[in-house]
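The structure appears below as structure tokens.
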Amino acid sequence: MTTTAEAPPPAAPEDAPKARGRATRKRLVPYWLLLPGILWLVVFFAAPLVYQASTSVQTGSLEEGFKLTWHFATYWDALGEYWPQFLRSVGYAATATALCLVLGYPLAYLIAFKAGRWRNVVMILVVAPFFTSFLIRTLAWKTILADGGPVVGVLNSLHVLDVTSWLGLTEGQRLLATPLAVVCGLTYNFLPFMVLPLYTSLERIDPRLHEAAGDLYARPVTTFRRVTFPLSMPGVVAGTLLTFIPAAGDYINAELLGSTDQKMIGNVIQSQFLRVLDYPTAAALSFILMAAILAMVTIYIRKSGTEGLV
């Protein structure tokens, strides 16, 4: 004698709207969770961006007021007048990013594979500068690189400043108010932004891959070139972007460690907003900088073969 399972009784007609309501609320939960972040982006990013776009095509003065006249020539005039500062900003940021990669990669490799029980201590030392204000850290470099300081004295005794002066990185027997001082400040301030993504990528590499490379008689240099570095490319790309983007728009280092000959585009924008009070030009420069960085970042990501990061 066989028995068959009884089918559940059909839902009552009055229960169907309740079931649909529960299903609808369940589908809406992710969107409700996203709502605070979307509101934040709209209020503090999208709205100011639209306002700045409107300001960039206005004409007038602070006394007479600014009016929306769709004066797009402001962009061309701003680029034609301040293109040296744009190129200088890109050059300083690219140099600082390269130095951060050269200095940060060995440090991240050491933390990931060699630090052992000291890993957490070294990581704390890497992020420790964030416990101090960006401005205070830069002012400290102004003291370190002072004309009468020990750094300048040692470099003078070794005739290093003669070489850097010949290369155009310094002027005479001093470090302050030179391109080298600005690049050093940028490198120091943004080095943790390079180390942390590199460490994250290197720490995920399976050590057995290194052992397998050794079993195949690969030399350490070959193992690094064929195994370690390719697998750490996501960290390299992320670190270079996190370093280059803020460095290109920075103005604190050029303001405190440089002179008028080392002004970056961030200094020009700050001056146009707060001193000259030419808001349309400042807004236009901001949009040009944003567009230039976005274009360079897009090309860089495509060339590096890491489109999956964006």
Step through the residues of the range 219-229 one at a time and calculate ³J(HN,Hα) from phi using the Karplus curve (6.51 cos²θ - 1.76 cosθ + 1.60, θ = phi - 60°), rounding each to whole Hz and writing x for Gly and Pro. 6, x, 5, 5, 4, 5, 6, 9, 10, 5, 5
Within the under-12-Å Cβ sphere about Pro84, not counting Pro84, Lys/Arg +1 and Asp/Glu -1 give a net charge of 0
Can you check what the Kirkwood hydrodynamic radius comes to for the chain, Cα pairs only, in Å to one decimal? 24.0 Å
Can you give the longest run of the chain that contains no trypsin sites (Lys or Arg not before Pro) sitting in a DSSP loop with at most 14 other Cβ atoms inside 10 Å? 1-203
Test of understanding: given the chain, find the longest segment containing no chymotrypsin sites (Phe, Trp or Tyr not before Pro) that are in a DSSP loop and have at most 13 other Cβ atoms within 10 Å. 73-216
Per residue solvent-accessible surface (Å²) - the chain, probe of 1.4 Å: 62 Å²
Under 8 Å for C-alpha pairs, at least 6 residues apart: give me the relative contact order for the chain, rounded to a whole percent. 24 percent
Karplus-derived 3J(HN,Hα), 6.51/-1.76/1.60, for each residue of the range 25-42, Hz, glycine and proline x: 5, 5, 5, 7, 4, x, 6, 5, 5, 7, 4, x, x, 5, 4, 4, 5, 5
Can you give me the angle between helix 73-109 and the longest principal axis of the chain, using Cα atoms only, in degrees from 0 to 90, rounded to the nearest 10? 80 degrees
In degrees, nearest 10, the alpha-carbon axis of helix 279-304 is tilted away from the dominant principal axis of the alpha carbons of the chain by 70 degrees
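In debye, nearest 20, what is the charge dipole magnitude of the range 67-304 about its Cα centre with +1 on Lys and Arg Cβ and -1 on Asp and Glu Cβ, if you could check?
With Lys and Arg at +1 and Asp and Glu at -1, about 660 debye.
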Whole-Hz ³J(HN,Hα) from phi, Karplus 6.51 cos²θ - 1.76 cosθ + 1.60, for the range 139-146, glycine and proline x: 5, 5, 5, 5, 6, 4, 8, 4
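The values are calculated or read from the model by the stated rules, or taken from the named source; none is laboratory data. It should be emphasised that the depicted structure is a prediction, and the values quoted were computed from it without experimental measurement. No Cβ is skipped: glycine too gets one built from the backbone with ideal geometry, and neighbour counts run over all protein chains shown. Side chains are part of the model used for accessible areas, which takes the heavy atoms of the whole protein and leaves out ligands, DNA and RNA. Shrake-Rupley method; radii C 1.70, N 1.55, O 1.52, S 1.80 Å.
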